[in-house]
1. What is the antiparallel percent of DSSP beta bridges lying wholly in the chain, to the nearest 5?
2. With a point put 7 Å past each Cα toward its Cβ, work out how far residue 132 is from residue 111 in nm, to one decimal.
3. Mind ranking 145, 1 by accessible surface for me, highest first, 1.4 Å probe?
4. Rounded to the nearest percent, how much of the accessible area of the range 42-139 (1.4 Å probe, protein heavy atoms only) is carbon and sulfur?
5. Of 137, 104, 82, which is farthest towards the positive pole of the range 69-148's charge dipole, taken about the Cα centre with +1 and -1 on the beta-carbons of Lys, Arg and Asp, Glu respectively?
6. Mind pulling the angle between the C-alpha long axis of helix 57-71 and the longest principal axis of the chain? Nearest 10 degrees, somewhere in 0 to 90.
7. Would you please give the residues with an amide H less than 5 Å from that of residue 13, counting only those at least 5 places away or on a separate chain, with H modeled from the backbone geometry?
8. Per-residue ellipticity at 222 nm for the chain, helices alone: DSSP H runs ≥ 4 residues times -39500 (n - 2.57), over residue total, nearest 500 deg cm²/dmol?
Amino acid sequence: MVVQVSYKVHMTYYHESTGSIGTDGLGPCVGIIAKKTNGSIFCAHIASSLSGIPSNVPIITAKTTELINKYLKNADLVEMSCASGNIKDSSATAIHKGLVDAYGTKVKALVQGTGIYFKDGAVGLVQADTIKGTTEGPSDDNGPMDIK
């Protein structure tokens, strides 16, 4: 199945839209769909250049909190949905913890999916690289959203 959205976000970037939006190709990366108070949707594909070895996990968490706060303020967030292609990967769980540290209970549990999107007023997941955008990044994307 192919999910068609207005805008597809490229890996390590983010984009904000009032239309349908999504990202796919999530392995240990984390895709987020954040509903904002102004009615727009913030979509990001967060990667980590740091490996998920135990000594890096607290660093990944702290750097995720620092990075996301540059682009999305807590006061602007209604709720955030998060997906990863491997929810047991330590870098994915560390990224998710960094998001929870930044936004608390506004962040939903990390769920399994290789793609996440917002369309027709709801968040959806795909289990394969099947999100296609009328427009696709990275040319109009912002970022980077890479934990280094």
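1. In the chain, DSSP labels about 70 percent of beta bridges as antiparallel.
2. Result for the modelled spin labels: 2.4 nm.
3. So, going from the largest accessible area down, we get 1, 145.
4. Working: 2510 of 4530 Å².
The nonpolar share, carbon plus sulfur, comes to 55 percent.
5. The Cα lying farthest towards the positive end belongs to 104.
6. Computed tilt is about 40 degrees.
7. 45, 145
8. The helix contribution divided over the chain gives -6500 deg cm²/dmol.
The values are calculated or read from the model by the stated rules, or taken from the named source; none is laboratory data. All figures in this text were calculated on a predicted structure; none of them were measured in a lab. Please note: Cβ atoms are built from the backbone with ideal geometry, for glycine as well, and neighbour counts cover all protein chains shown. The accessibility values were calculated without ligands, DNA or RNA, using every heavy atom of the protein model including side chains. Shrake-Rupley method; radii C 1.70, N 1.55, O 1.52, S 1.80 Å.
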